[in-house]
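Each remark here refers to the structure printed beneath this line.
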Ligand SMILES: NC(=O)c1ccc[n+]([C@@H]2O[C@H](COP(=O)([O-])OP(=O)(O)OC[C@H]3O[C@@H](n4cnc5c(N)ncnc54)[C@H](O)[C@@H]3O)[C@@H](O)[C@H]2O)c1
């Protein structure tokens, strides 16, 4: 039998006729995506209106959903301090001048003027906007992490409950068809009783250098530890797929490589300063941003591509993105392992690794009657009873594209479900309410305590 005939699909499937390129669907790196299958077709009687706080990368992911589905979501206001970002966002969404603000606080000086607030500000600016939005009666789409502080996470949860509003946390992997399917298999008895899980998050070496050595999250104290900043998604889907509460966690991890003592002889403070090893360094800023034109979504580049070269060089001269990876003020772990004990004695081990050539989570699930192994492109399900295995494949037109989509199609599904939940005023439409999402954060805080104290920590929900 032809291999293709043996493949079952996850519903992410098949050819271009069904799933055309979208003008707006972009992943977190700003790269275009093929839309997988059609998600929730629910359209409200009138579009849900929203105000975006923070018109950066994530603000545009959700903004682009509104641009593609104007019958579902309309962006009616924006707060953004960087003028060019504010201008571009406002003109894309036809936002009147009166509804453009330099900072999030200004939005809440006005009486409520939309259904929802989209919080896509930096991590330390989630708490203030979310609390204010709830005070004024908005529903909230809240980027993760909920907050870098455990107390603030608990405060937001308490205020959400008091207010009765909807707060969706952007744990977008819960909406990715691949993980939805894996969860269904784990909870349906398809592999008997789940006994243990191994989960692996390969960050990819250049992504690590970009986000966690040079980029926004390079310093764990100024932002939050990488287990929360990067891996709250993973702790969240483990808990969600198992459907069991976590009880204890133990963690080890360190920053081994991106340190001053590893700077090669002849290297310079900035890659463009005549660094002797620039041509061979995999982390060279000139190579990543200027020659390979990767990860440019952090720069506000001119409309015309011909002018990009000079603009990129200027960013490399003036921002952290041009600095030597061995001379930053970074402290995020480049390897991090955790063991987690869930209810029912189920164990999970989770590793986050910087030094991999690719991204895309890998998961192995051990059950009493079977086994699942997957890498976000496909998963194989073994049944010990029948000695059969089935391959479920997440197919896109070009595999390369899926590799670039760190969220497996989750971003816009979350946006679609948020619209539906707000229109129906029914939080149960969402799988990532704040009630459901907070445990991953408590696991991350406990992991950090364990790493610092070399102890096994309880997860106190
Ligand atoms: N769900 C996910 O998978 C995912 C992926 C990446 C980032 N994130 C999270 O999304 C959030 C935004 O990340 P990003 O990558 O879009 O960052 P970004 O830097 O691209 O965007 C943040 C924007 O907020 C703006 N801002 C700063 N101060 C502000 C203020 N006082 N008022 C209004 N706007 C302000 C910034 O100028 C910037 O444009 C972060 O919390 C991040 O951790 C989530």
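Just so it is clear, none of the values below were taken in a lab; they were calculated from the coordinates. What you are looking at is a predicted structure, and each value in this text was computed from that prediction instead of being measured. Glycine also receives a Cβ, built like all others from the backbone with ideal geometry; neighbour counts cover every protein chain displayed.
With both bridge residues required to lie in the chain, what share of the DSSP beta bridges run antiparallel, to the nearest 5%?
Here the antiparallel bridges make up roughly 60 percent for the chain.
Going by average Cβ density within 10 Å per residue, which order do the peptides 384-394, 162-172 take, highest to lowest? All intermediate terms of the calculation are to be shown ahead of the outcome.
Numbers: 384-394: 14.5, 162-172: 22.5.
Highest-to-lowest ranking by the protection proxy: 162-172, 384-394.
Only Cα pairs under 8 Å and at least 6 apart count here; give the relative contact order of segment 125-243 as a rounded whole percent.
Relative contact order of segment 125-243: 27 percent.
Report the Cα centroid-to-centroid distance between segment 307-341 and segment 116-154 in angstrom, as an integer.
Measuring centre to centre over Cα atoms gives 26 Å.
Determine, for 290, 210, 94, the number of other Cβ atoms within 10 Å of each Cβ, and report the residues in order from fewest to most.
Placing the least packed residue first, the sequence is 94, 290, 210.
Using a Debye calculation, one point per C-alpha and no hydration shell, please list log10 I(q)/I(0) for segment 267-377 at q = 0.11, 0.19 Å⁻¹ in order.
-0.57, -1.04
Ranked highest first by the average count of other Cβ atoms within 10 Å around their residues, in what order do 149-159, 238-248 fall?
Values: 149-159: 16.8, 238-248: 19.2.
Peptide ranking by packing, descending: 238-248, 149-159.
Expressed in nm², what is the orientationally averaged projection area of the convex hull enclosing the Cα positions of the chain? Present the calculation step by step, with values, prior to reporting the outcome.
Details: hull surface 92.7 nm².
For the chain, the mean projected area of the Cα convex hull comes to 23.2 nm².
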